[in-house]
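Novice: Below is a structure I'd like to ask you about.
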Amino acid sequence: MGVEEHKKHAIQNISFAVVTVSDSRNEATDESGMLIKEMVGKRRYSIAEYRIIKNDRKQIEDTMKELLDRNDVDVIIFCGGTGISSKDMTVDTVKPFLEKELPGFGEMFRMLSMQEIGTAAMLSRATAGIARKKAIFCIPGSKNAVKLAMEKIILEERGHILWEARK
């Protein structure tokens with residue numbers, strides 16, 4: 001089956017949860033979270049949940065559990081906390097929940113990022129996977145990273161990923 005045939009089956013009615021992980025942002029200053037919501041809205045998908053949480057293992061874990069239990073969420077995007085500093089907890093906390101990892105997401109993200117920021121792209125631990133038939137993405141919190149991840153990867157493949165995950 002070719003790419004076009006696969007994309008014919010892509011899920012179209014998709015609801016997103018957007019979680020900004022930050023110790024310093026609030027709704028007025030969360031430009032990256034707002035950008036995700038705007039990009040999702042332009043594609044006429046819905047936002048089932050938007051929140052900002054601290055870069056704290058327990059908050060990330062509790063949020064993940066809650067969103068996985070919700071029937072109105074298909075895609076969960078964690079924005080922020082994906083770097084290598086000691087306070088970056090998102091990837092380490094989310095990964096144990098993933099039933100299947102999508103290593104290609106991180107690889108593609110870093111490859112595309114390298115074209116924009118050079119070898120510093122290797123500092124990103126952007127990752128994705130499937131849990132309970134939902135697509136989970138952990139992306140960096142900068143606006144440029146959000147735009148890249150959403151435009152070039154997530155919004156391109158969201159429906160195909162969900163279709164495959166639900167088989």
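Novice: Mind counting the residues in the stretch 66-104 that are of a type in the set (Val, Ile, Thr) and outside any helix (DSSP H, G or I)?
Specialist: Within the stretch 66-104, residues that are of a type in the set (Val, Ile, Thr) and outside any helix (DSSP H, G or I) number 6.
Novice: Just to be sure, is Ile60 in contact (Cβ under 8 Å) with a residue 60 or more places away in the chain and of a type in the set (Val, Ile, Thr)?
Specialist: No.
Novice: Of all residues being among the aliphatic types (A, V, I, L, M) and out of contact with any strand residue (DSSP E or B) (no Cβ under 7 Å at 6 or more places or on another chain) in the stretch 125-167, which is farthest from Ala10 (Cα to Cα)? Just the residue, please.
Specialist: Here the answer is Leu148.
Novice: If you don't mind, there's one more thing I want to ask. Among the residues of the stretch 40-65, how many are assigned to a helix (DSSP H, G or I), of a type in the set (A, V, I, L, M) and within 16 Å of Gly80 (Cβ to Cβ)?
Specialist: 2
Novice: I'd like to verify a number: residues in the stretch 85-123 that are among the basic types (Lys, Arg) and surrounded by fewer than 14 Cβ atoms within 10 Å (Cβ to Cβ), how many?
Specialist: 2
Novice: Checking the condition of a type in the set (Ser, Thr, Tyr) and either over 13 Å from the mean Cα position of the chain (by Cα) or within 12 Å of Ile136 (Cβ to Cβ) (or both), which residue from Thr82, Thr63 passes?
Specialist: From the options Thr82, Thr63, the qualifying one is Thr63.
Bear in mind that the values in this text are calculations on the coordinates, not laboratory data. Keep in mind the model is a prediction, meaning the values are calculated, not measured. Glycine also receives a Cβ, built like all others from the backbone with ideal geometry; neighbour counts cover every protein chain displayed.
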